[in-house]
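Asker: The structure that follows is given in the form of C-alpha cells.
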Amino acid sequence: DLASRVKWSLGRLGDFAWNIDYTKTIKHRYKQVASDPELDLLHSLENPNADNDFPDKLITTVNWSLRKWASQVTVTRYGSIVNQAQTGYLTPTSLANLSVSYRFVEAGSVSLIVNNVFDTIKKDGSAGWPFYPVGYYLPYGREEWLEFTYHFGG
C-alpha cells in the first residue's frame, strides 16, 4: 500500500487537499484442503469460487473548501479481473464520484452527491446472463441524491 496527502491554500480561492491511495495485491493463493493443489487466484483463470481480488486499486481524491462551501471529487481505478467465463481478463475500470455541500448554519448542511458521474457500467457478456461482473461492480449506473444533515446537541 502507498498513500500520499498534499494540502495547500490559494487564499480567496479556498483550501485544497489531494489524496492518492494505491494498493497492489502481490499474492493470493488458495487451497480448500491440504491435499489440494494450490491455486493462484490473482493470476490464474482457474478460480472455482469466482472470487479473485482486484490485483490493484488506485483511489485519488481532490477536496476543495471555501468558507461555507465544500466539494470532493473521487476517482477509483480498479485493475483487471477475470471474466465470468474464466477465459480472459476484463480491462481496468474507473469510476468517478462528486459531492458539493453548503453549510447554512454551524450544525446544518445540505449536499448534492453523485456517484458514478459518467454512468460507467462494466459489461461482461462472456458467460451470458447477468452480463456484468457479479461481486465486483454494481449493475446500475449513476446515482444522485440530495442530503440534509443537522447535528443536535453538543
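The values are calculated or read from the model by the stated rules, or taken from the named source; none is laboratory data. Just so we're clear, the structure is a prediction, and the values are computed from it rather than from any experiment. Glycine gets a Cβ as well: all are built from the backbone with ideal geometry, and neighbour counts include every protein chain shown. Accessible surface areas use protein heavy atoms only, side chains included; no ligands, DNA or RNA. Shrake-Rupley method; radii C 1.70, N 1.55, O 1.52, S 1.80 Å.
Asker: Quick one: pull the percent of accessible area on the chain belonging to carbon and sulfur, 1.4 Å probe, ligands and nucleic acids left out.
Answerer: Numbers: 5920 of 10350 Å².
The C+S portion of the solvent-accessible surface of the chain is 57 percent.
Asker: Going 7 Å from the Cα of Leu10 toward and past its Cβ, which residues in the stretch 69-96 have a backbone nitrogen under 17 Å from where you end up?
Answerer: Hits in the stretch 69-96 for Leu10 at 17 Å: 69-74.
Asker: Kindly state, to the nearest 0.05, the FRET efficiency for Thr87 paired with Phe118, given R0 = 25 Å and r defined as their beta-carbon distance.
Answerer: Numbers: r = 28 Å, r/R0 = 1.11.
Between Thr87 and Phe118 the formula returns 0.35.
Asker: Regarding the chain, what's the average projected area of the Cα-atom convex hull, expressed in nm²?
Answerer: 13.2 nm²
Asker: Using amide H atoms built 1.01 Å from N in the peptide plane, name the residues 5+ places from Tyr89, or on other chains, whose amide H lies under 5 Å from its own.
Answerer: Under 5 Å from the amide H of Tyr89 lie the amide H atoms of Asn83, each far enough along the sequence or on another chain.
Asker: Given R₀ = 35 Å, what would the calculated FRET efficiency be for Leu98 paired with His43, taking r from the Cβ atoms and rounding to 0.05?
Answerer: 0.50
Asker: Let's test the formula: R0 of 30 Å, r as the Cβ-Cβ distance of Asp21 and Phe152. What FRET efficiency results, to the nearest 0.05? Don't skip to the answer; put the middle values down first.
Answerer: Working: r = 33 Å, r/R0 = 1.11.
Computed FRET efficiency for Asp21 and Phe152 comes out at 0.35.
Asker: Need the C-alpha centroid separation for the stretch 111-154 versus the stretch 1-69, integer Å.
Answerer: 18 Å
Asker: Considering only lysines 8 or more places apart in sequence, or on different chains, count the pairs in the chain whose C-alpha atoms sit under 22 Å apart. Intermediate values should be presented prior to the final figure.
Answerer: Details: Lys7/Lys68; Lys24/Lys57; Lys24/Lys122; Lys27/Lys57; Lys57/Lys122; Lys57/Lys123.
So the count of such lysine pairs works out to 6.
Asker: Which value in nm describes the separation of the simple spin-label points at Asp53 and Val105, placed 7 Å from the Cα toward the beta carbon?
Answerer: Result: 4.6 nm between the two label points.
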